[in-house]
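One structure is given here, and the rest of the page talks about it.
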Amino acid sequence: MTATTAPYAATPARATRPPSARLRAWATRAPLLPALVFMIVVTQLPFVATVVISFFDWNALYPKARHFAGVDNYRQVLTDADLRHSVWTTVLLTVTVVLVSLVLGLALALLLNNRFRGRGVVRTLLIAPFLVVPVAAALLWKHVLYNPEYGLLNGLLHYVGGPQPDWISNTPLLAVEAALVWQWTPFMMLILLAGLQSRDPEQIEAARVDGANEWQVFRHLTLPHLRRYLELGALLGCIYIVQNFDAVFTITSGGLGTANLPYTVYQSFYQAHENGLASAAGVLVVIGSIIIATFALRVVSSLFREEASRA
């Protein structure tokens, strides 16, 4: 009986792209490589250096006394009373500005969603505050509006016989919040206006035919539709306002209990020369911003999926 050898099973060839396809892929990516290298050098390498410095007890006035401190800088950031107060001020400033800007932005978006004469001019004027340079906007509020001697607010109060308060000294945090709300309300308005204009007009018309009034349409149709846009505006606003430095530095110079975390990082680095402590606080700000940005990206992706499903 002769033994027969079974033929070996043919193994499927590994799927590979032809060399020409790989060359074309690299040719399309090659123009982007300089930008990628530039972005890594400008953003990532300094951040890595900041993380390394944050683990050292490093005062610029005493460079020879530099030594490895482990997580002591992070422990000090989280336990120091002044730093904790700056964290609380940052949270309070961010929450207040974002909520008030969202409410005012929603009201203005509802106004601009209606057709009326001069709507284009009104829209341009309402967007203008967001286009002003942040330092210029803060200087405008500090000198043109808040100044107790020649400011516009006290001028109006003097015209009607009212008091002449020193706005920055009496209500310092409110003064900073008002300037930021003025600048960020147009941003919220644009996001919510885009959401209003993406509503299904047939659904709104059907609700009105069924007898729904304007408040019922807004409560049961418009507001649920704007939920994603409200979340997006809140998250993006938090990312930017958490890192805000211009208004605090320009209006109050961090005094009177208005020093937020970015200003405290500046104060630790440039005034106290505590490089390690300032780096640790800066790393915590970046981590918080990344966490907020992650949620913002998820909201944006969900909006894109919803728009794609409608198309």
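The values are calculated or read from the model by the stated rules, or taken from the named source; none is laboratory data. Because the structure is predicted, anything quoted here is derived from the model rather than measured. Reconstructed Cβ throughout: ideal geometry from the backbone, glycine too, with neighbour counts over all protein chains shown. Areas reflect the complete protein model, heavy atoms only, side chains present, ligands, DNA and RNA absent. Shrake-Rupley method; radii C 1.70, N 1.55, O 1.52, S 1.80 Å.
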Unmet requirement for Ser268, which otherwise passes all of (1) surrounded by fewer than 16 Cβ atoms within 10 Å (Cβ to Cβ); (2) modelled with pLDDT under 85: (1)
Please count how many residues of region 52-81 are in contact (Cβ under 8 Å) with a residue 24 or more places away in the chain and surrounded by fewer than 11 Cβ atoms within 10 Å (Cβ to Cβ). 1
Tell me yes or no: at least one residue of region 156-176 is in a loop (DSSP other than H, G, I, E, B) and in contact (Cβ under 8 Å) with a residue 60 or more places away in the chain. no
Pairs please, first residue from region 137-148 and farther than 14 Å from Ala178 by Cβ and in contact (Cβ under 8 Å) with a residue 24 or more places away in the chain, second anywhere and open to solvent by less than 30 Å² (accessible area, probe 1.4 Å) and in a helix (DSSP H, G or I), Cβ atoms under 9 Å, 6+ apart in sequence or on different chains. Leu139/Thr250; Leu139/Ile251
Counting just the residues of region 88-107 that are crowded, with 20+ Cβ neighbours inside 10 Å and not polar (S, T, N, Q), which one comes out nearest to Arg219 (Cα to Cα)? Leu106
Region 186-225: number of residues that are open to solvent by less than 30 Å² (accessible area, probe 1.4 Å), closer than 25 Å to Leu126 by Cα and among the hydrophobic types (A, V, I, L, M, F, W, C): 6
